[in-house]
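Below: the structure, in structure tokens.
Where a number appears in this text, it was derived from the coordinates with a stated rule and is not lab data. Values in this document were obtained by computation on a predicted structure and should not be read as measured data. Methodologically, a virtual Cβ is constructed for each residue, glycine included, from the backbone with ideal geometry; neighbour enumeration extends over all protein chains shown.
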Amino acid sequence: MISSFAHCKEQLEDGNLAILPTETVYGLAANGIDPIAVKKIFSLKGRPPTNPVILHVSNIKDACKYTFIDENAEKLAQHFWPGPLTLILKKRDIVPEVATAGLSTVGIRSPSNAVFRKMLTSLSFPLAAPSANPSNRTSPTSASQVLEMFGDLCPPIMDDGPTELGIESTILNLSSKKLSILRPGHISAASIEKCLGVPVSTCIELHEEHSKLKKSPGTSKVHYAPKTPSILHKSVKDCLEYKNITPNDLIIIHSSRDIEKFDRLPCKTIALSKNGNLNEIARSLFGKLHDFDKLHYNQFHLCLNELKDDLAYAINDRIRRACAKNS
Ligand code: TXA
Ligand code: MG
């Protein structure tokens, strides 16, 4: 149910859950240093205990209470916080094992959303908060999406309207010598390299490395999946040439400018933005997937974004995962 700041705060202080807005997606929050509270997150989401959650703090000083902040982490936090950058760092003992799935590292970030920040400053503990969706479903960018997914089991929600950015934070692993991006987002590898003056490897390399090491929590391919089966097309051209499109399908493209090209196909086509603006596409992607998932389409057709751009790369990561098969 939609609730007040005071009620959500009370719930969190009592070791219960609350849904809070961030600048990326809505988060399912609990006291991040109370193992019983953190367990409630896993059980409501149906999240495997092997997939760690991230901690949210107000500032670098608080981050130091829960992690070992080295020189790189401090530079990045000073430059990008508050904002959509999660740092994976060695954890301090106070962080419970259930939060980190037994890893010696923890993900930490300082969100910029004003409501979330007000909550953090009014509490004496950090907030663990994964995206507020049942495990493997699409992350929510509005309060109504959260309500629909959790139904009667939904914890109190602070509604702050649609989220500003629409896709989750960039995750950077700072816990090994070679810095690497585990999940692309608005903050690009290039901007991190510029801030630190050292190379950062991107997630494609890292996915491979991680699958070898078998320690890739949450980087599983099946994620963000709509219930409607979704077909991936490498380009608008590939989608236009695809033979098996039926009248009850929905084609989801990036720019209204391309819509006319699809007129001759037998099904409806919608665009994520008016003119291909990447920020607009990122903001609308998950919301559109949620909305159209309710309408019983036979299947979705999603096209990759063809721009050579870091945000296009992050958007394509989410599109690929939305189309990954549940096997
Ligand atoms: O934008 C965001 O990051 C949102 C908002 C609510 O802050 N949160 C979010 O959390 O996306 P979640 O749990 O849905 O995604 C965090 C990802 C998971 O894939 C998890 O496996 C990974 O971070 N992660 C957490 N701790 C980690 C660790 N110590 N090492 C490697 N990956 C980690
Ligand atoms: Mg998530």
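Extending 7 Å from Cα along the Cβ direction at residue 78 and again at residue 152 yields two label points whose distance is 5.4 nm.
The amide H of residue 233, built 1.01 Å from its N in the peptide plane, has 302, 303, 304 as neighbours under 5 Å, considering only residues 5 or more places off or on other chains.
For residue 105, the amide hydrogen comes within under 5 Å of the amide hydrogens of 91, counting only partners 5 or more places away or on other chains and with H modelled in the peptide plane. For residue 129, the residues whose modelled amide H falls within less than 5 Å of its own, excluding neighbours fewer than 5 places apart on the same chain, are 54, 56. Run down the aspartates and glutamates and flag those whose C-alpha is under 17 Å from the C-alpha of residue 243, throwing out any fewer than 8 positions away in its chain. Qualifying aspartates and glutamates at Cα under 17 Å: 263. Remark: the range 233-247, residue by residue, has Karplus-estimated 3J(HN,Hα) of 10, 5, 7, 4, 4, 4, 5, 4, 8, 5, 8, 9, 9, 10, x Hz, where x stands for each Gly or Pro and the curve is 6.51 cos²θ - 1.76 cosθ + 1.60 at θ = phi - 60°.
Normalising the average separation of contacting C-alpha pairs (under 8 angstrom, six or more residues apart) by the number of residues puts the relative contact order of the range 5-202 at 28 percent. Taking 87, 20, 103 in turn, the Gaussian network model of the chain (Cα-Cα springs below 10 Å) assigns the largest fluctuation to 103. Over the range 230-326, Cα pairs under 8 Å with separation of 6+ residues give a relative contact order of 37 percent. On a per residue basis, the convex hull of the C-alpha atoms belonging to the range 1-84 measures out at 122 Å³.
Here the Karplus curve 6.51 cos²θ - 1.76 cosθ + 1.60, taken at θ = phi - 60°, turns the phi angles of the range 52-69 into couplings of x, 9, 9, 9, 10, 9, 6, 7, 5, 4, 5, 4, 5, 6, 10, 9, 9, 7 Hz, with x standing for Gly and Pro.
With contributions of -39500 (n - 2.57) from each DSSP H run of at least four residues, the per-residue ellipticity at 222 nm computed over the chain stands at -10000 deg cm²/dmol. Take the chain and mark each of the chymotrypsin sites (Phe, Trp or Tyr not before Pro) that is in a DSSP loop with at most 16 other Cβ atoms within 10 Å; the longest unmarked stretch, sites excluded, is 69-241.
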